[in-house]
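The values are calculated or read from the model by the stated rules, or taken from the named source; none is laboratory data. Remember, it's a predicted structure, so these values are computed and weren't measured experimentally. Neighbour counts are summed over all protein chains in view; Cβ atoms, including those assigned to glycine, are modelled from backbone coordinates with ideal geometry.
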Amino acid sequence: MRLDYLSIFPAYFDVLDISLVGKAAINGLVEIHAHDLRDWTHDRHRTVDDTPCGGGAGMVMKPDPWGEAFDEIIGTESDPSVHVIFPAPSGTPFTQSAAAELSSAQRIVFCCGRYEGIDHRVIDYARSMWTVHEVSLGDYVLNGGEVAALAITEAVVRLVPGFMGNPESLAEESFSAGQDGLLEYPLFTRPVSWRGLDVPEVLMSGHHGRIASWRRDESVRLTRERRPDLTDSDSSGIH
Ligand SMILES: CC(C)N1CCN(Cc2ccc(Cn3ccc4ccc(-c5n[nH]c(N)c5C#N)cc43)cc2)CC1
């Protein structure tokens, strides 16, 4: 899998060389390329923004640098196997299932906007050429697309076959997290007693049936408490 990042702050992606994604890069599972959008400007000030047509607050990212960057990084041929991701406040909420779908992609290009956003013709042009995803991390405001690109990268790459050392943990995680759409149960490890707080006895009982039952009850309790929206979904198993 090749991952490209287009941004006016390409240093945001240096962190990928440190994290687990860096190990995947070393193992050849993923290739990471970060690009400075200003490399495709031609004026002295390396301008990437301009005032919004129709008026309004803030600045909009000009289409020209994006188009020239696309030509050089992706090419001028249409190819639906190339996935181009535009993080945006107006995007579709990014989900685990979207991460799973993207984990089989061979090429993902992240377009990280700043200011008020990117001239919409850039997205329209990309849609005419590749498979475009306009996505949002959630209902809160970030200053640009870079943090979202990093979060999406981690969610996707950890699902790439061969990435996680222990695939069982993924299976368990996807199973329990996805199990009936419930939230994960609380986790404990040694020491059994810590600052007057003890691991729940059932987890030390060695009785697998009771442990499974306790974990499900905890998942149901937490889901009802924190995510009542999940309790009505058909997959939740709780109503
Ligand atoms: C009326 C007028 C004054 N309003 C002004 C604020 N507008 C919303 C607005 C707010 C911030 C930004 C900054 N920004 C630039 C590119 C970019 C990409 C992603 C995100 C982003 N934010 N939150 C997420 N979950 C995101 C994701 N994924 C934010 C981005 C861009 C746009 C709405 C219009």
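Could you tell me whether any residue of segment 179-201 is part of a helix (DSSP H, G or I), at pLDDT 95 or above, of a type in the set (Ser, Thr, Tyr) and in contact with a helix residue (DSSP H, G or I) (Cβ under 7 Å, 6 or more places away or on another chain)?
No, there is no match, as no residue in segment 179-201 is part of a helix (DSSP H, G or I), at pLDDT 95 or above, of a type in the set (Ser, Thr, Tyr) and in contact with a helix residue (DSSP H, G or I) (Cβ under 7 Å, 6 or more places away or on another chain).
From the list His239, His208, which one is at pLDDT 95 or above and within 30 Å of Ser97 (Cβ to Cβ)?
Just one listed residue meets the conditions, His208.
Yes/no matrix, rows are residues, columns are (1) in a helix (DSSP H, G or I); (2) in contact with a Leu (Cβ under 8 Å, 6 or more places away or on another chain); (3) farther than 25 Å from Met164 by Cβ:
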{"site": "Arg38", "(1), (2), (3)": "yes, no, yes"}
{"site": "Gly54", "(1), (2), (3)": "no, no, yes"}
{"site": "Asp64", "(1), (2), (3)": "yes, no, yes"}
{"site": "Ala69", "(1), (2), (3)": "yes, yes, yes"}
{"site": "Glu72", "(1), (2), (3)": "yes, no, yes"}
{"site": "Ser90", "(1), (2), (3)": "no, no, yes"}
{"site": "Tyr140", "(1), (2), (3)": "no, no, yes"}
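Does Gly58 satisfy the condition of being exposed (fewer than 15 other Cβ atoms within 10 Å of the Cβ) and over 22 Å from the mean Cα position of the chain (by Cα)?
yes
Considering each of Glu101, Glu134, Glu146 in turn, give the residue that is over 26 Å from Pro52 (Cβ atoms) and either more than 7 Å from the ligand (Cβ to nearest atom) or among the hydrophobic types (A, V, I, L, M, F, W, C) (or both).
From the options Glu101, Glu134, Glu146, the qualifying one is Glu101.
On the given criteria, is Tyr125 surrounded by fewer than 21 Cβ atoms within 10 Å (Cβ to Cβ), within 14 Å of the ligand (Cβ to nearest atom) and not in a strand (DSSP E or B)?
no
Out of all the residues in segment 25-39, is one or more within 18 Å of Ala148 (Cα to Cα), modelled with pLDDT of 95 or more, within 22 Å of the chain's Cα centre (by Cα) and loosely packed, with under 15 Cβ neighbours inside 10 Å?
Taking every residue of segment 25-39 in turn, at least one turns out to be within 18 Å of Ala148 (Cα to Cα), modelled with pLDDT of 95 or more, within 22 Å of the chain's Cα centre (by Cα) and loosely packed, with under 15 Cβ neighbours inside 10 Å.
In segment 39-68, how many residues are more than 16 Å from the ligand (Cβ to nearest atom) and touching a helix residue (DSSP H, G or I) at 6+ places or on another chain (Cβ under 9 Å)?
Looking only at that region, the number is 9.
Answer yes or no as to whether Gly144 is modelled with pLDDT of 95 or more, over 29 Å from Leu29 (Cα atoms), in contact with a strand residue (DSSP E or B) (Cβ under 8 Å, 6 or more places away or on another chain) and buried (at least 17 other Cβ atoms within 10 Å of the Cβ).
No.
Could you please give the count of residues in segment 95-122 that are in a strand (DSSP E or B) and crowded, with 21+ Cβ neighbours inside 10 Å?
Total meeting the criteria: 5.
So which pairs qualify, if the first residue must be in segment 8-20 and more than 18 Å from Asn143 (Cα to Cα), the second must be of a type in the set (Lys, Arg), the Cβ gap must be under 8 Å, and the two must be at least 6 apart or on different chains?
Leu20/Arg158
If I go through segment 202-232 residue by residue, how many of them are farther than 15 Å from Asp180 by Cβ and not in a helix (DSSP H, G or I)?
The qualifying residues number 3.
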